[in-house]
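Below is one structure, written out as structure tokens; the observations come after it.
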Amino acid sequence: MRLSTLTAAGYRSLKSIRLDLGPVGLFVGENGVGKSNLYRALQLIKASAEGTLAREIAREGGMQSALWSGPRRAGQPVRMVLQAGFENDRTAVKSSYRVEIGLPPPVSAGFAFEPHIKEEVLTVEAGRRPVGMMERRGPAVSARDNDGRRVEHPVRLLNSETALAALGVSGRYPEAGELRELLLGWRFYHGFRTDSDSPVRKPALAVTSPLLDEDGANLAAVFATLVHIRQDTLELDRSVADALGGARLEVPVPGEAASFGLRMPEFPQRVFRPEELSDGQIRFLALAGALMSYRLPALVALNEPEASLHPQMLPALADMIANAAERTQVWIVTHSRDLAELVRQRSGARIRTVVRVDGATAIEGEGPAGPRS
């Protein structure tokens, strides 16, 4: 199942926007136009599967910070709506998940600005019309069980709980469980710390690691898995050499911990440890771990991956993105039009320019419902 559409309304600068998505979502724009809000809306879909949606919004400052602050239609409920559409390219089965978040009622046992999950709907479409698999209104939830019967979930949910997480983990509702499992696998890489205490610079436990953690803490184990388990590092070696002036990645056989270093062509007798590498070098290596790991998740999202990279590293980064897009779906938000153009040339992805129109985030040449004809 791949992500085919993302709809967001009432969230920060996203008054109302709908995106149709292919193998590579490539978004470029200036500061302050709302690119990160698009990325963040996607993260909140995953948070719904994790059961942390209300907490994530509260961390942003609560509903008073997360809600669209522009004009609204009179009489309309104050809601934030997130919806993701999915499609199975092999079976043509489509599904859709929508969650609506609002404010507590005037008389409520909740906190004043606590996000309240008002509605959730999961549908699957295999024929002429979508079939409801899960529906939540307030605390009450109904869903189709393992036998296909529509039943009431025996537990009434708290306002901060999502039905997708609660039902998906129970094992009784297969469609909710499958979608939750898919979303939990998504990975979001919003830069990597490069300070001296960064997890990326540290050794990792010697455990086979098929994909990179979001903070990069298992980078050394990801490299060790590629080198000593998969034993195929041709593309990784080429990317490192192209980006880092002919450098070679060195990954010793792990003992209790996995480690790595770089051997520079000008100093062939010496291996430079991670703590000796520049911010740009260590960040590029972390991106290589994210995009070239043994097993990629269903979606890899990169927010401003060009940060701290020398312009000469961008072609190698674009190559890694294009290669990853042959194995998974990639979402990129960037300031760099140079990087966007390089990715376009290598992957055929359409560059979408993010702009502000009357205070709302929009895609140049597209209306709220998608591309204009």
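The values are calculated or read from the model by the stated rules, or taken from the named source; none is laboratory data. No experiment lies behind these values; they were computed from the predicted model shown. For neighbour counting, all protein chains shown are included, and Cβ atoms are generated from backbone atoms with ideal geometry for every residue, glycine included.
May I ask you to verify whether residue 259 is hydroxyl-bearing (Ser, Thr, Tyr) and under 27 Å from residue 208 (Cα atoms)? Criteria met by residue 259. Considering every residue within the range 195-211, establish whether at least one is at pLDDT 95 or above and closer than 20 Å to residue 319 by Cβ. Scanning the range 195-211 turns up at least one residue that is at pLDDT 95 or above and closer than 20 Å to residue 319 by Cβ.
If I ask for residues that are among the small types (Gly, Ala, Ser) and farther than 15 Å from residue 46 by Cα, which ones from the range 5-17 would you list?
Just the residues of the range 5-17 that are among the small types (Gly, Ala, Ser), to begin with: 8-10, 13, 16.
9, 10, 13, 16 - these are the residues of the range 5-17 that are among the small types (Gly, Ala, Ser) and farther than 15 Å from residue 46 by Cα.
When you scan the range 131-146, how many residues do you find that are among the polar types (S, T, N, Q) and assigned to a loop (DSSP other than H, G, I, E, B)?
Pass one, the range 131-146, residues among the polar types (S, T, N, Q): 142, 146.
Right, trim to assigned to a loop (DSSP other than H, G, I, E, B) and you get 146.
Here the count works out to 1.
Looking only at the range 170-180, decide whether some residue is crowded, with 18+ Cβ neighbours inside 10 Å, among the aromatic types (Phe, Trp, Tyr) and under 24 Å from the mean Cα position of the chain (by Cα). No, that holds for no residue. Among residues of the range 246-271 that are assigned by TED's automatic domain parsing to the domain that holds residue 209, those with a Cβ under 7 angstrom from a residue that is aromatic (Phe, Trp, Tyr) and surrounded by fewer than 20 Cβ atoms within 10 Å (Cβ to Cβ), sequence gap 6+ or separate chain, pair up as 261/272; 262/272; 264/272. Residue 323 satisfies every condition listed in (1) in the same structural domain as residue 236 (by TED's automatic domain parsing); (2) surrounded by fewer than 20 Cβ atoms within 10 Å (Cβ to Cβ); (3) under 27 Å from residue 182 (Cβ atoms) except (1). Tell me which residues, restricted to the range 167-182, are within 14 Å of residue 123 (Cβ to Cβ), of a type outside the set (Ser, Thr, Tyr) and part of a loop (DSSP other than H, G, I, E, B). Across the range 167-182, there are no qualifying residues. Here residue 49 meets the list (1) modelled with pLDDT of 95 or more; (2) farther than 30 Å from residue 89 by Cβ almost entirely, failing just condition (2). Each residue in the range 2-18 was checked for being more than 17 Å from residue 302 (Cα to Cα), buried (at least 20 other Cβ atoms within 10 Å of the Cβ) and of a type outside the set (Gly, Ala, Ser), and 6 pass.
In the set 42, 103, 26, 53, only one residue is touching a helix residue (DSSP H, G or I) at 6+ places or on another chain (Cβ under 9 Å) and closer than 30 Å to residue 349 by Cα; that residue is 26.
Within the range 65-81, one or more residues are free of Cβ contacts under 8 Å to residues at least 60 places away in the same chain and either assigned to a helix (DSSP H, G or I) or buried (at least 22 other Cβ atoms within 10 Å of the Cβ) (or both).
Please indicate, with yes or no, whether at least one residue in the range 104-120 is within 17 Å of residue 178 (Cα to Cα), hydrophobic (A, V, I, L, M, F, W, C), part of a strand (DSSP E or B) and touching a strand residue (DSSP E or B) at 6+ places or on another chain (Cβ under 7 Å).
No: the range 104-120 contains no residue that is within 17 Å of residue 178 (Cα to Cα), hydrophobic (A, V, I, L, M, F, W, C), part of a strand (DSSP E or B) and touching a strand residue (DSSP E or B) at 6+ places or on another chain (Cβ under 7 Å).
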